[in-house]
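Each reported figure results from applying straightforward, stated rules to the coordinates on display, with no laboratory input. These numbers come from a predicted model, not from an experiment. Here Cβ is always computed from backbone atoms with ideal geometry, including for glycine, and neighbour counts include all displayed protein chains.
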Amino acid sequence: MSSKAITERVEILDQTTTYSLTEVCERSGVHSEFIVELVEHGIIAPVAEQPARQWLFDTRALTRLRRAQRLQQDLQLNMPGVALSLELLDDLEQLRRQVDGMHQQLRQLLDQAS
């Protein structure tokens, strides 16, 4: 039996750094047309309104790009499906944060009552 080594690149991204369209393509291994399509579907957005060749993206856009890639590759979703899935995942994440906050408030109230 042969075993495959699975390696995954872990990259720490600075929250204030921006990346050009070329850098995003190089980091993610996609063509610029794919990035343009993601922008057109509202999946990612450049940090400022500029012509495509001058677009700059923040780390949030890179993270969403990677999630979009996985949804498209793993689930074979089309762009509208990717956009909807990411929107629903964002909503779920927000709801989880709200529930966590409510749990924390409840714990504080219970601690105060005892």
Response to the item:
Those residues of the stretch 27-42 that are touching a Lys or Arg at 6+ places or on another chain (Cβ under 9 Å) and loosely packed, with under 14 Cβ neighbours inside 10 Å come to a total of 0
Worksheet item: Only one of 95, 110 is farther than 20 Å from residue 45 by Cβ and either surrounded by 10 or more Cβ atoms within 10 Å (Cβ to Cβ) or in contact with a strand residue (DSSP E or B) (Cβ under 6 Å, 6 or more places away or on another chain) (or both); which?
Response: 95
Worksheet item: Among the residues of the stretch 61-79, is there at least one that is under 15 Å from residue 18 (Cα atoms) and surrounded by fewer than 17 Cβ atoms within 10 Å (Cβ to Cβ)?
Response: yes
Worksheet item: residue 21: in contact with a strand residue (DSSP E or B) (Cβ under 9 Å, 6 or more places away or on another chain) and crowded, with 17+ Cβ neighbours inside 10 Å, yes or no?
Response: yes
